[in-house]
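Novice: After the structure tokens below, expect a handful of questions from me.
The values are calculated or read from the model by the stated rules, or taken from the named source; none is laboratory data. Note that this is a predicted model, so its numbers are computed, not measured. We place every Cβ from the backbone using ideal geometry, glycine too, and count neighbours over all the protein chains shown. Keep in mind that these areas ignore ligands, DNA and RNA; they rest on the heavy atoms of the full protein, side chains included. Shrake-Rupley method; radii C 1.70, N 1.55, O 1.52, S 1.80 Å.
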Amino acid sequence: MFNYLEGLNEPQREAVLHHEGPIMIVAGAGSGKTKVLTTRIAHLMQNGVDAFNILALTFTNKAAAEMKERIEKILGNNEAHNLYVGTFHSVFARMLRAEANKLGYPNNFTIYDTDDAKGIIKSIVQDMNLDDKHYKPAFIYNRISAAKNSLIDPATYKQDSSIQREDAHSKRELIGDIYDAYQKRCFKNGAMDFDDLLFKMYILLTNFPEVLAKYQHRFKFILIDEYQDTNLAQYAIIKMLGAVHENICVVGDDAQSIYSFRGATVQNILQFQDDYEDVKVVKLEQNYRSTQSILEVANTIISKNKNQIPKNLWTDNDQGEKIVLARTMTDNDEGRFVADAITEQKLRNHYHNKDIAILYRTNAQSRSFEEALRRMNITYKIYGGVSFYQRKEVKDLLAYLRLLVNTQDEENLKRIINYPVRGIGKTSVEKIMVIANNSGKTFWEVLEQPEMHGIKGAGGAAIERFVTMVKSFQTLPHKMNAYDVAFAVGKHTGLVQELYNDKSVEGLARYENIQALLNSIKEFTETPDEEGELQDKSLGSYLQQITLLTDVGKEDEDADAVKLMTIHAAKGLEFPCVFVVGLEENLFPSSMSLYDRADLEEERRLFYVAITRAKHKLWITYANSRYRFGQLVSNDPSRFIEEIPEAHLDRSFTGMANQARGSVNAFGNMLNQSFDKMPSLKKLADKLSQTAPPAHNPASDFKPDDASLMTTGMTVEHQKFGFGKITGIEGGANNRIATIDFSGGHGQKKIMLNFAKLRIVTEG
């Protein structure tokens with residue numbers, strides 16, 4: 001065993017050496033809290049405390065595993081295996097299994113995951129003859145989850161007047177009855193859901209004093225990581241378990257409390273000193289992560305919050321560069337600016353993709369950055385989420401749009417035939433597939449004549465209505481642009497309304513994503529081409545444009561990739577270069593937080609978390625305008641920008657026009673000026689600053705040929721790119737993508753043949 005106290009600064013050492021009594025370690029961002037927590041546990045064990053008498057609670061399995069590993073390394077033995085170290089849920093599950101009979105559960109009770117729980121709720125809703133479109137399982141599950149984490153049982157739920165008013169306002173007066181039936185169903189099945197692991201633990205300790213006494217005397221020392229993220233149930237359980245010895249150590253940072261939507265309450269850490277007498281408070285304020293400039297900005301921002309534990313982060317690191325503030329015209333320009341800046345950092349400062357993170361307030365913002373990065377061939381990975389065009393709701397609407405262009409597309413047809421629910425069940429779909437396979441017809445051809453193929457009754461009628469709806473949609477692209485078609489389809493299928501009605505956190509995110517898709521289509525129809533003219537803004541043209549953007553393969557987990565994520569997902573991470581994007585009023589801070597001080601202060605804490613992820617370089621960006629609900633809306637800069645000290649801001653990018661390819665050309669010019677002695681980079685700069693080649697002018701009688709006739713080797717004519725030779729074709733019959741070498745400076749392009757409107761000039 002080595003001297004584990006070496007390398008600790010004075011406050012860290014003070015936190016480790018404190019032995020008995022309550023202690024609160026206020027650990028600022030990047031201050032080494034994990035090191036302090038693990039070293040403190042090792043110190044307790046080294047000084048005679050039995051591992052079996054120590055309880056350490058974390059929020060992730062990864063943190064728990066890392067803690068045990070570090071303690072083993074410090075002590076040089078396997079005693080860490082005897083610690084009760086784990087997440088709240090895993091540790092309480094272990095204890096509940098040992099005491100399950102007291103609650104009437106088997107020791108091997110099942111633990112339901114979220115999908116299991118929602119499935120049971122759905123069956124209960126059906127048994128009660130309720131409309132599951134109104135009583136959505138996801139919404140009901142979130143409501144029940146919030147109740148359990150607030151220690152509210154079904155009886156209390158149904159008696160609480162404020163809760164009943166909320167349910168009555170949403171016209172879901174029977175949630176209490178569903179909650180009651182759900183708990184009884186779980187008990188009958190010998191199962192607990194994830195939230196029950198907290199809720200039942202509280203009931204066990206409350207109703208069985210002998211069990212409470214047993215664990216109070218076993219756990220003489222209790223340590224809790226990320227205490228600012230605890231909810232009411234976790235707080236109450238810890239309060240009971242630690243009541244005898246009061247050797248409670250909490251580690252956290254009120255300035256990083258950002259999970260109120262999950263039930264976490266910052267009050268738990270703010271009131272810790274009121275819960276116990278003679279609380280020792282140690283503040284870890286030395287930051288080992290960021291530059292002085294970044295920390296000074298972070299300190300100034302968080303100082304605006306009234307409800308906080310005062311602290312001031314400092315560092316021995318270099319002063320560092322100023323924070324770049326960049327204003328762009330639109331959100332697409334914002335995406336291009338960030339992609340250009342990443343390219344610059346990689347060339348000038350030799351950063352790798354993995355050194356860079358783009359942080360945004362909502363998942364729906366990822367689209368413009370994904371598209372810009374793909375166009376610049378920059379590898380990226382969505383961290384803790386799904387790539388924009390791979391999100392279910394986005395794929396659903398795109399499936400409808402692709403179906404209008406090609407009804408033979410069986411995969412997209414099957415995807416949306418019963419979404420939103422219209423009475424065409426799985427059995428009917430399977431029957432149609434069998435008929436199609438046996439008769440040699442396409443899926444769509446069978447749908448067009450259901451009665452002739454023996455599909456009658458309610459199912460047959462539902463199919464006829466679906467076919468009629470699709471055929472009516474097929475008339476729209478001939479008289480509407482891509483956005484108007486997409487808007488009409490989203491509205492009349494009920495898809496957008498379906499998402500709007502789901503008021504859960506996940507439901508709101510899905511609704512934001514579908515709006516982001518519609519907004520991107522609107523921008524496509526209203527943005528001039530490089531020649532400055534509005535040309536083909538049809539649905540087919542739009543689908544062709546995004547084909548390659550939606551064709552996303554599985555990313556290598558270890559790939560050198562730029563990380564895109566929400567700020568919530570970024571907590572606990574750090575990167576040399578960080579872009580915090582979308583700093584606009586009503587976006588960040590969120591429009592839902594502007595009328596309540598507590599909510600606004602949490603938004604400011606979220607901004608603080610974003611800033612303190614950066615080690616060396618930080619960019620803050622915002623757009624003058626972005627599309628919302630199909631309208632181009634002007635934005636005011638976020639109030640948080642005004643709170644940044646002017647001395648730490650580089651505003652040289654706030655006056656940029658950044659229109660169309662302007663940012664790329666500016667970057668190309670910069671490379672020319674800065675690297676004229678570096679031929680390879682100068683060559684790239686020349687390429688970037690080139691103007692777009694002139695468009696082709698087809699003859700007035702230009703008429704596209706049948707795409708199915710096109711093969712490798714043919715010379716074809718495109719309305720915009722002119723003449724080119726097909727050098728390769730990939731994909732299935734309904735999704736053929738051709739690689740074409742065009743003359744006239746347009747180069748090689750991949751084009752989806754179904755939408756391209758090509759004329760065959762010569763056979764291959």
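Novice: Would you point out the residue of region 745-759, among those that are open to solvent by 60 Å² or more (accessible area, probe 1.4 Å) and outside any strand (DSSP E or B), that is modelled with the lowest pLDDT?
Specialist: N754
Novice: Separate question: Just give me the residues in region 418-452 being without any contact (Cβ under 8 Å) to a residue 40 or more places away in the chain, in a loop (DSSP other than H, G, I, E, B) and open to solvent by 60 Å² or more (accessible area, probe 1.4 Å), in sequence order. Walk me through it before giving the result.
Specialist: Going through region 418-452, the residues without any contact (Cβ under 8 Å) to a residue 40 or more places away in the chain turn out to be 418, 423, 425-452.
Cutting the leftovers down to in a loop (DSSP other than H, G, I, E, B) gives us 418, 423, 425, 440-442, 449-450.
Answer for region 418-452, where residues must be without any contact (Cβ under 8 Å) to a residue 40 or more places away in the chain, in a loop (DSSP other than H, G, I, E, B) and open to solvent by 60 Å² or more (accessible area, probe 1.4 Å): G440, K441, Q449.
Novice: For region 613-641, give me the residue count where each residue is assigned to a loop (DSSP other than H, G, I, E, B), touching a helix residue (DSSP H, G or I) at 6+ places or on another chain (Cβ under 9 Å) and modelled with pLDDT of 90 or more.
Specialist: Here the count works out to 2.
Novice: Hey, another quick one. Please tell me if R639 is surrounded by fewer than 21 Cβ atoms within 10 Å (Cβ to Cβ) and out of contact with any strand residue (DSSP E or B) (no Cβ under 7 Å at 6 or more places or on another chain).
Specialist: When the stated conditions are applied, R639 passes them.
Novice: Checking the conditions here, which among N82, N77, N101, N108 is at pLDDT 90 or above and not β-branched (V, I, T)?
Specialist: Residue meeting the stated conditions: N101.
Rundown of residues vs (1) hydrophobic (A, V, I, L, M, F, W, C); (2) within 29 Å of I378 (Cα to Cα), yes/no style:
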{"residue": "T300", "(1), (2)": "no, no"}
{"residue": "I309", "(1), (2)": "yes, no"}
{"residue": "G335", "(1), (2)": "no, yes"}
{"residue": "T343", "(1), (2)": "no, yes"}
{"residue": "Y351", "(1), (2)": "no, yes"}
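Novice: Restricting attention to region 246-260, does a residue exist that is free of Cβ contacts under 8 Å to residues at least 60 places away in the same chain and open to solvent by less than 40 Å² (accessible area, probe 1.4 Å)?
Specialist: Looking for residues that are free of Cβ contacts under 8 Å to residues at least 60 places away in the same chain and open to solvent by less than 40 Å² (accessible area, probe 1.4 Å), one finds none in region 246-260, hence no.
Novice: Would you check if there is a residue in region 127-137 being in contact with a helix residue (DSSP H, G or I) (Cβ under 7 Å, 6 or more places away or on another chain) and open to solvent by less than 10 Å² (accessible area, probe 1.4 Å)?
Specialist: No, the conditions are met nowhere in region 127-137.
Novice: Here is a check on your reading of the model: is A147 assigned to a helix (DSSP H, G or I) and either open to solvent by 20 Å² or more (accessible area, probe 1.4 Å) or in contact (Cβ under 8 Å) with a residue 40 or more places away in the chain (or both)? Give the derivation first.
Specialist: Values: assigned to a helix (DSSP H, G or I): yes; either open to solvent by 20 Å² or more (accessible area, probe 1.4 Å) or in contact (Cβ under 8 Å) with a residue 40 or more places away in the chain (or both): no.
In short, no.
Novice: What number goes with the only condition from (1) free of Cβ contacts under 8 Å to residues at least 60 places away in the same chain; (2) part of a helix (DSSP H, G or I); (3) surrounded by 16 or more Cβ atoms within 10 Å (Cβ to Cβ); (4) out of contact with any His (no Cβ under 6 Å at 6 or more places or on another chain) that F473 does not pass?
Specialist: Exception for F473: condition (1).
Novice: Kindly state which strands (runs of 3 or more DSSP E) lie completely within region 1-113 and contain at least 2 residues that are under 30 Å from E296 (Cβ atoms) and open to solvent by less than 30 Å² (accessible area, probe 1.4 Å). Steps first, answer last, please.
Specialist: Details: elements: 23-27, 54-58, 84-87, 110-112.
Per the criteria, 23-27.
Novice: Still on this structure: Residue check: is I237 within 36 Å of the chain's Cα centre (by Cα), surrounded by fewer than 18 Cβ atoms within 10 Å (Cβ to Cβ) and β-branched (V, I, T)?
Specialist: The answer is no for I237.
Novice: Restricting attention to region 605-612, does a residue exist that is in a loop (DSSP other than H, G, I, E, B), open to solvent by less than 10 Å² (accessible area, probe 1.4 Å) and at pLDDT 95 or above?
Specialist: There is at least one residue in region 605-612 that is in a loop (DSSP other than H, G, I, E, B), open to solvent by less than 10 Å² (accessible area, probe 1.4 Å) and at pLDDT 95 or above.
Novice: Is it true that Y389 is part of a helix (DSSP H, G or I), modelled with pLDDT under 85, of a type outside the set (K, R) and surrounded by 17 or more Cβ atoms within 10 Å (Cβ to Cβ)? Spell out how you get there, then give the answer.
Specialist: Working: part of a helix (DSSP H, G or I): yes; modelled with pLDDT under 85: yes; of a type outside the set (K, R): yes; surrounded by 17 or more Cβ atoms within 10 Å (Cβ to Cβ): yes.
So Y389 fits the description; yes.
Novice: Starting from residues that are at pLDDT below 85 and among the acidic types (D, E), keep the ones in region 392-417 and report whichever is surrounded by the fewest Cβ atoms within 10 Å (Cβ to Cβ).
Specialist: The extreme case among them is E411.
Novice: Output the residues belonging to region 416-433 that are farther than 16 Å from K133 by Cβ and charged (D, E, K, R).
Specialist: Selection gives K426, E430, K431.
Novice: Another question about this same structure. Among the residues that make up region 373-383, is at least one of them assigned to a loop (DSSP other than H, G, I, E, B), at pLDDT below 90 and among the aromatic types (F, W, Y)?
Specialist: For region 373-383, residues assigned to a loop (DSSP other than H, G, I, E, B), at pLDDT below 90 and among the aromatic types (F, W, Y): present.
Novice: A follow-up question, please. For region 570-580, name all the residues that are buried (at least 18 other Cβ atoms within 10 Å of the Cβ), of a type in the set (A, V, I, L, M) and at pLDDT below 95.
Specialist: Answer for region 570-580, where residues must be buried (at least 18 other Cβ atoms within 10 Å of the Cβ), of a type in the set (A, V, I, L, M) and at pLDDT below 95: just A570.
Novice: Please state which one of Q308, Q273 is surrounded by fewer than 22 Cβ atoms within 10 Å (Cβ to Cβ) and in a loop (DSSP other than H, G, I, E, B). Before the answer, list the steps.
Specialist: On the way: Q273 fails: in a loop (DSSP other than H, G, I, E, B).
Result of the check over Q308, Q273: Q308.
Novice: Enumerate the pairs (first residue in region 306-323 and among the basic types (K, R); second residue anywhere and open to solvent by 90 Å² or more (accessible area, probe 1.4 Å)) with beta-carbon separation below 8 Å, excluding pairs fewer than 6 apart on the same chain, so at least 6 apart or on different chains.
Specialist: K306/R597
Novice: Moving to a separate point now. Considering only residues that are β-branched (V, I, T) and either part of a helix (DSSP H, G or I) or open to solvent by less than 20 Å² (accessible area, probe 1.4 Å) (or both), which ones fall in region 276-304?
Specialist: Scanning region 276-304 gives V282, T291, I294, V297, T300, I301, I302.
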